[in-house]
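A quick write-up on the structure given underneath.
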Amino acid sequence: MTLNLLMFYLLSAVILGFSVMTITTGKMLRAAVYLLFVLVATAGLYFLLNYEFLAAVQLTLYAGGIVVLIIFSILLTSHISQRFERPSAWKLWIGAITLIGGSTTVLWVLLSSHFEKAATVTELPVDMHVIGEQLLGTGKNGYVLPFELISILLLAAMIVAIVIAKKEKNQN
Amino acid sequence: MILDIYSFSTLTGAIDKGLNSAMAPWLATLLEFVIVGVVFLIFYALLGLFLVYLERKVCAVIQNRIGPNRVGKWGLLQTIADLIKLLMKELIPIKNADGFLFNLAPFIVIIASFMAIAALPFAKGLQAMDFNIGIFYVMAVSSLGVIGILLAGWSSNSKYSLIGAMRSGAQIISYELSVGLSLLSIVILSGSMQLSTIVQSQADGWWIFKGHILAFISFVIFLIASTAETNRGPFDLAEAESELTAGFHTEYSGIKFAFFFLAEYMNMFIVAAIGATLFLGGWMPLHIGHWQEFNNIMDYIPSVVWFFGKTFFVIYLIMWFKWTFPRLRIDQLLNLEWKYLLPLSLINTVLIAFIALMGWYF
């Protein structure tokens, strides 16, 4: 149990530290790389909870998919010597006020709510078959309608991307 | 007998029991982590050296040459001599590069392949981690490697590196789809993503035989797409020597270059091992249905021999591609994936799902 706790604190420290570095660094690609570390450490938290499916989804979707897309677009658009401009003073003040307000709200909710430790911890094995059947189920807890809606949205987005990227036929 | 060549679980169980009786459980767990890590590191380094030697020998045979033959018997120590040379080379700092990302990139590439190797079942009872989503985990962590390649190309601040990295990124992202779909066909047939269950499901025949022609088609798609995923010829435009010097690792020298080199060969090994495990039965000996006597005879060959035999067979196929086919252009490469392989693997997946539903496989 102590090792688990130690890993939890280690991963949390990595997440917090790199989250701060993501928004304070002046170089765009470094921000993306720090974000990658945050996302990988979050996957580590899921592994710690023995929820391997979500951890692998986190790695494929966020670390392997979204961060790669972000890095790809930075590679195409920005030069290595480019730096972020320092935000103006009033933006900093607004940011600081939002930060203090947001974090006090979250902390207040967390500290005021009473977490009850379950007397008997029943470990639920996350079966792939259950996830698959619920995702495509029409009955109770079935997700087939959102699933299909998202598919249509993705299909539309893909067609739009192809139409935009398609070369215009030569007019003359 | 502790070292049972047919099942390694007695050996690993004995080590686990011995450590737990000698010290506190948490210390034993920690020590086991260290032991597994060191074993994998040594395995990784030795296998990398051997694969480089093997590639040079296979290339030489295909080109009607002898290959390395001066250092050691049959040139076996040649790659060790190369490694010592690489270790002693100067690490050249690049003036206008982003130093942090430049130094980080080789580690991301090598850690991604190192994480993937941990889930491979090497023999009966010899697997470091047996997740219930094993194959998905391998896909997830191996997709991190491309980030290292992209970072290496950009942070070098050189146009050759950047072009190489962009090509590599486009290639890996596209071909990942076909790799995933071809692996999915075996997941559908065996009904599990756990690598040990997939191996067990092939106890009465390997999926490439049991799954008819469709499983064979997905094996071929897997071979093509994973060759592209590992940036190897004929899909090696990311480091096309004749146009881009060395692609994304142009600016690297010494041990950092060796990291990219090693990771590339280990990725080839991982891909071959995954192909061998899913399609060719992994460590499972060649069993045919209910031919009990034949199966018993096959069981005399240890599982670790079967695993490495099949893996090196797939590695040989991949090397054969590289030294036979000329390099593709980038538009040919993307056309091949998006216009041919992806539709084919989509249709193949649907057909596999259909025969799995109807039970039309052995």
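Bear in mind that the values in this text are calculations on the coordinates, not laboratory data. Not measured: the values here are computed from a predicted model. Neighbour counts run over all protein chains shown; Cβ positions are idealised from the backbone, glycine included.
Ellipsoid fit via the Cα gyration tensor, chain B: semi-axes of 33, 28, 21 Å, each the root of five times an eigenvalue, largest first. A straight chain from B:Ser7 to B:Gln292 at 0.36 nm per residue would run longer than the Cα-Cα distance by 100.6 nm. From the alpha carbon centroid of the stretch B:183-214 to that of the stretch B:247-292 is 19 Å.
Computing Rg and the Kirkwood Rh from the Cα coordinates of the protein assembly as shown gives a ratio, Rg/Rh, of 0.97.
Per residue of peptide A:58-71, the mean number of Cβ atoms on other chains within 10 Å of the residue Cβ is 5.
Sorting A:11-23, B:88-100 by their mean Cβ neighbour count within 10 Å, with the most densely packed peptide first, gives A:11-23, B:88-100. Each peptide in A:144-154, B:198-208 receives the mean, over its residues, of other Cβ atoms within 10 Å, and ordering these scores from highest gives B:198-208, A:144-154.
The stretch between B:Ile62 and B:Thr197, if pulled fully straight at 0.36 nm per residue, gains 44.8 nm over its current Cα-Cα span. Rounded, prolate or oblate: which fits the stretch A:127-172 when a ≥ b ≥ c are the square roots of the eigenvalues of the alpha-carbon gyration tensor, with rounded for a/c under 1.5 and prolate only if a/b beats b/c? It comes out prolate by the Cα gyration axes.
Residue by residue along B:288-299, Cβ atoms of other protein chains within 10 Å of the local Cβ number 0 on average.
Close Lys pairs in the stretch B:99-358 (alpha-carbon distance under 27 Å; sequence gap of 8 or more, or different chains): 8. Take the alpha carbon atoms of the stretch B:68-117, find their center, do the same for the stretch A:20-94, and report the distance between the two centers in whole angstrom. First find each Cα centre; the distance between them is then 28 Å. Taking Lys and Arg as +1 and Asp and Glu as -1, the other residues whose beta-carbon sits under 14 Å from that of B:Phe279 total +2.
Here the contact order of the stretch A:1-84, divided by its residue count and restricted to Cα pairs under 8 Å and six or more residues apart, works out to 31 percent. Give me D for chain A in µm² s⁻¹, whole number, from Stokes-Einstein with Rh from the Kirkwood sum over alpha-carbon pairs, 25 °C and 0.890 mPa s. D, rounded to a whole number, is 118 µm²/s.
Helical runs (DSSP H, four residues minimum) scored at -39500 (n - 2.57) apiece and divided by the length of chain A put the mean residue ellipticity at 222 nm at -22500 deg cm²/dmol.
Take the Cα of A:Trp90, step 7 Å toward its Cβ, do the same at A:Asn50, and the gap between the two points is 5.5 nm. When each full DSSP H helix of chain B is screened for a Cα extent of at least 27 Å along its own axis and an average Kyte-Doolittle hydropathy of at least 0.5, the helices passing are B:25-62, B:99-117, B:159-190, B:254-279, B:303-324. Within the shell defined by Cβ-Cβ distances under 12 Å, the residues around B:Ser253 carry a net charge of +1, with Lys and Arg each +1 and Asp and Glu each -1. Each peptide among B:155-161, B:324-330 gets the average number of other Cβ atoms lying within 10 Å of its residues, and from highest to lowest they stand as B:155-161, B:324-330.
For chain B, the relative contact order works out to 21 percent when only alpha carbon pairs closer than 8 Å and six or more residues apart are counted. Among residues other than B:Gly169 with Cβ under 15 Å from its Cβ, the summed charge is -4 (Lys and Arg +1, Asp and Glu -1). When only alpha carbons are used to place a centre, the stretch B:26-66 and the stretch A:137-172 end up 44 Å from one another. Derived scalar couplings between HN and Hα for the stretch A:96-108 equal 4, 5, 4, 4, 5, x, x, 5, 5, 4, 4, 4, 4 Hz in order, rounded to whole Hz, by the Karplus curve 6.51 cos²θ - 1.76 cosθ + 1.60 (θ = phi - 60°), x for Gly and Pro. Backbone N atoms of the stretch A:32-57 closer than 20 Å to the 7 Å Cα→Cβ label point of A:Thr98 belong to residues A:32, A:35. Across peptide A:25-35, the mean count of Cβ atoms from other chains lying within 10 Å of each residue's own Cβ comes to 3.
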